[in-house]
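Enquirer: Pasting a structure here, questions to come.
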Amino acid sequence: MSAAEQGAEPAPRPGRGVLDPPSLVQLAAEELRRMILAGELAPGERLIEERLTEHLGISRPPLREAMRTLQHEGLIDLQPRRGATVTRLSDDDVFEILTLRSAVERLAIELGVPVTDEARLVRCRAALAEMERCAERENRAHLVQRGYDFHRAIVGLAGHRRLEGVYDSLHQQLLLCMAMNLYAREHYYEDLRTHVNRHRTLLEVIESGDPKAVLAALAAHGERSFTDVRDQVINGRS
């Protein structure tokens, strides 16, 4: 009697509804990404293979492949004979990234507030809720990523595909900026809950529907404190 006739579940067919477990390379890349975005690996810090293989419990080949993955993402800089370092943004890089981000967000507010599509606000609220969960768990790396999602949702308020495309092109660079910003704010200005509450305040102003008030709130929300302490963050850590 066949398995089907006996009422047993048939064995899943390869490639149909079965997910492969993550590889060592994927797991290593995920952990390195977490360490960078959480501020555990500082901008410009050399990545010592001996230490990382011991920390991750893997051999050098998958570690090196994971590093190449993060190099493609812009989080790691790999140089022949010099090894790997965490990407370090120059002052000019930071200025250009943050001013472009601000310009895109301002235009999105001008085009999208007051919000006429409730679904767009729902995306903002969902991203904020995820930020709150990350802060409660003190998951700094995911908090950075969900913070990006929140600001991406703000850009989405305009319903402008090309504007969203410009913002998406800055994704990895913004993650680096936002990771350094979170580290700076947490060590010099605010705890994680206060960090999330600033975003809640910004969303409340957006929901009020006054674009001028939102633009003012967005300017106050910016990264000035991050740029003020950036050199301390990069040079003052052991």
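The values are calculated or read from the model by the stated rules, or taken from the named source; none is laboratory data. All values derive from a computational prediction rather than experimental measurement. FYI the Cβ positions are ideal-geometry reconstructions off the backbone, even for glycines, and counts take in every protein chain you see. To get the accessible areas, we keep the full protein, side chains included, count just its heavy atoms, and leave off ligands, DNA and RNA. Shrake-Rupley method; radii C 1.70, N 1.55, O 1.52, S 1.80 Å.
Enquirer: Please compute the length gained on full extension between A129 and H187, using 0.36 nm multiplied by the number of residues separating them and subtracting their Cα-Cα distance.
Expert: Stretched out fully, the A129 to H187 stretch lengthens by 18.6 nm.
Enquirer: Sticking with this one: Please give me, ordered by residue number, the GluC sites (Glu not before Pro) of region 90-160 that lie in loop per DSSP and have at most 15 other Cβ atoms within 10 Å.
Expert: The qualifying sites are E138.
Enquirer: Computed from the mean reciprocal separation of all distinct C-alpha pairs, what Kirkwood hydrodynamic radius does region 100-181 have, in Å?
Expert: Roughly 13.0 Å, rounded to one decimal.
Enquirer: Taking all protein chains as present, what is the carbon and sulfur share of the accessible area of region 69-219, in % to the nearest whole number, probe 1.4 Å?
Expert: 48
Enquirer: Hey, another quick one. Between R106 and R88, how many nm apart are label points set 7 Å from Cα along the C-beta direction?
Expert: The two pseudo-label positions are separated by 3.1 nm.
Enquirer: Restrict the search to region 78-135; then list the trypsin sites (Lys or Arg not before Pro) that DSSP places in a loop and that have at most 12 other Cβ atoms within 10 Å of their Cβ.
Expert: Sparse-neighbourhood loop trypsin sites (Lys or Arg not before Pro): R81, R82.
Enquirer: Here's a follow-up. Can you list the residues of region 84-121 with backbone N under 20 Å from a point 7 Å past the Cα of E65, pointing along Cα to Cβ?
Expert: 84
Enquirer: Given a Förster distance of 22 Å, report the FRET efficiency between E31 and H72 from their Cβ-Cβ distance, rounded to the nearest 0.05.
Expert: 0.85
Enquirer: Cα centroid distance between region 172-222 and region 46-74, in Å?
Expert: 32
Enquirer: I'd like to know how region 63-121 sits against the 2.2 N^0.38 Å rule of thumb: what's its Cα Rg over that expected value?
Expert: 1.76
Enquirer: Quick check: pseudo-label points 7 Å beyond the Cα along Cα→Cβ at T99 and E138, how many nm apart are they?
Expert: Modelled inter-label distance: 3.9 nm.
Enquirer: Okay, moving on. Any idea what % of Cα-Cα pairs in region 9-142 are farther than 22 Å?
Expert: 59
Enquirer: Once R0 is set to 35 Å, what does the formula 1/(1 + (r/R0)^6) return for the Cβ-Cβ distance between D168 and E54, expressed as a FRET efficiency to the nearest 0.05?
Expert: It comes to 0.45.
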